[in-house]
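Take a look at the structure below.
The values are calculated or read from the model by the stated rules, or taken from the named source; none is laboratory data. Note that the coordinates shown come from a computational prediction; the quantities given were computed from them, not determined experimentally. Note that each Cβ is placed from the backbone with ideal geometry, even for glycine, and that neighbours are counted across all protein chains shown. Accessible surface is based on the protein model in full, side chains and every heavy atom, while ligands, DNA and RNA are left aside. Shrake-Rupley method; radii C 1.70, N 1.55, O 1.52, S 1.80 Å.
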Amino acid sequence: MKKSILTSVILLLVAGNLFSQTQESKDFVFVEGNSEIPSFYICTHEVTEEEYFSVMNDSSYKSKLPANAISWYMAAKYCNERSVKEGLTPCYKVLESGEYECDFTANGYRLPKEIEWEFAASGGNKSKGYEYSGSNSSSDVAWDDRNGGDIHQVMTKKPNELGIYDMSGNVWEWVTDWEKGYPVLRGGSYFNDGGKDCIVKISAYTQADPSLKFKPFGFRVVRSTIVSKDKIMSAVFNLKLRAGESTDTEVKTVMQAGTSVKILELGKSEIIDNIRSNWVKVEIIEGTDKEGKKIKKKTVGWCYGGYLQ
């Protein structure tokens, strides 16, 4: 139901929150896209208090509760801070007007687009058409006002078809999209009736002031898989540089992790190790081979873009 959360806030007051392989397997799910939605990575859980405060320079929190009372601006700032700490390019830029602009080709963390959020919550290409994220019964997958009435630790209900938790209930989740001057939240929360706000369809959303810190507000993060022409990237692992656009072409050299390259051309899309990306023709900017010897600058070859960041 389209509405503003401000009415609920008033009522409440009156009545009294490209990866390494390790990260991919542990905390992120690869969501294979379609003709309308590019593939992306999404965190399996809402950002926890421990994760949020460790990035924002307070490591004393060890809580697995979702970060809560988080405004949209706080969520965007976390994304940028985490990106910088992990050596990634931040997605959000603050314009002179004070508005935020998101670079969806950056390799850092960001909030999901609303269409990405709903696609992932619905189970992506593995969707079974559930009303809630992973079930037709909200009690299976959602903490809402009928089965707890408060925030719970993440990942304590059943996941959906993609292995993602809490996309129905627990805390509302900010997305990147704004509508009529306000950012959008999806998924419902412990504060909401699981029969309405916790469904995954586009009709179930709310909006709020981007500065509003309300306990049922939290978020999760995503990362783009976009590899674009002329982009400067680096190898995540030791990566073979090949003579052609194929896994069985001649290996010219093996680039050590950290070797920087410039994307010259995008090749075919392929799934390798559960990662969909493009084969890319690259030019060596600087780096070493597997024996630690410098690779000649401007050496050109093909590699798999899924292992670049």
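Checking each residue in region 237-277 for being in a loop (DSSP other than H, G, I, E, B), closer than 18 Å to residue 309 by Cβ and open to solvent by 30 Å² or more (accessible area, probe 1.4 Å) picks out 237, 238, 256, 257, 258, 273, 274.
Starting from residues that are hydrophobic (A, V, I, L, M, F, W, C) and within 26 Å of residue 190 (Cα to Cα), keep the ones in region 74-110 and report whichever is surrounded by the fewest Cβ atoms within 10 Å (Cβ to Cβ). The selected residue is 74.
Apart from one condition, residue 156 fits all of (1) among the β-branched types (Val, Ile, Thr); (2) out of contact with any helix residue (DSSP H, G or I) (no Cβ under 9 Å at 6 or more places or on another chain); (3) buried (at least 17 other Cβ atoms within 10 Å of the Cβ); the exception is (3).
Each residue in region 278-287 was checked for being buried (at least 17 other Cβ atoms within 10 Å of the Cβ) and part of a strand (DSSP E or B), and 6 of them qualify. If you go through region 226-236 and pick out every residue that is modelled with pLDDT under 90 and open to solvent by 60 Å² or more (accessible area, probe 1.4 Å), you end up with 3.
Output the residue which, of all residues in region 111-132 that are outside any loop (DSSP other than H, G, I, E, B) and among the charged types (D, E, K, R), is surrounded by the fewest Cβ atoms within 10 Å (Cβ to Cβ). The residue in question is 126. Whether a residue is at pLDDT 95 or above, within 25 Å of residue 119 (Cβ to Cβ) and either touching a Ser or Thr at 6+ places or on another chain (Cβ under 8 Å) or among the small types (Gly, Ala, Ser) (or both) was assessed, and residue 164 passes this test.
Between 97, 60, the distinction of being among the small types (Gly, Ala, Ser) and either more than 23 Å from residue 208 (Cβ to Cβ) or touching a helix residue (DSSP H, G or I) at 6+ places or on another chain (Cβ under 6 Å) (or both) belongs to 60 only. One residue alone among 17, 68 is at pLDDT 85 or above and part of a loop (DSSP other than H, G, I, E, B), and that residue is 68.
Would you please list the contacts, defined by Cβ atoms under 6 Å and residues six or more apart or on different chains, that run from a residue in region 128-140 that is aromatic (Phe, Trp, Tyr) to a residue that is part of a helix (DSSP H, G or I)? Partner pairs satisfying both residue conditions: 132/138; 132/141. Each residue in region 78-95 was checked for being small (Gly, Ala, Ser) and either in a strand (DSSP E or B) or more than 14 Å from the chain's Cα centre (by Cα) (or both), and 1 of them qualify. Figure legend. Inter-residue proximity from region 60-80: first residues polar (S, T, N, Q), second residues surrounded by fewer than 19 Cβ atoms within 10 Å (Cβ to Cβ) and assigned to a helix (DSSP H, G or I), beta-carbon distance below 6 Å, spacing 6+ or different chains. Indicated pairs: 63/50. When the residues of region 35-73 are filtered to those that are in contact with a Pro (Cβ under 9 Å, 6 or more places away or on another chain) and of a type in the set (A, V, I, L, M), the one that is most open to solvent (accessible area, probe 1.4 Å) is 69. Pairs are defined by a Cβ separation below 9 Å, a sequence spacing of at least 6 or placement on different chains, a first member in region 238-259 that is within 12 Å of residue 300 (Cα to Cα), and a second member that is acidic (Asp, Glu) and assigned to a loop (DSSP other than H, G, I, E, B); the pairs so defined are 242/248; 242/250; 243/250; 244/250.
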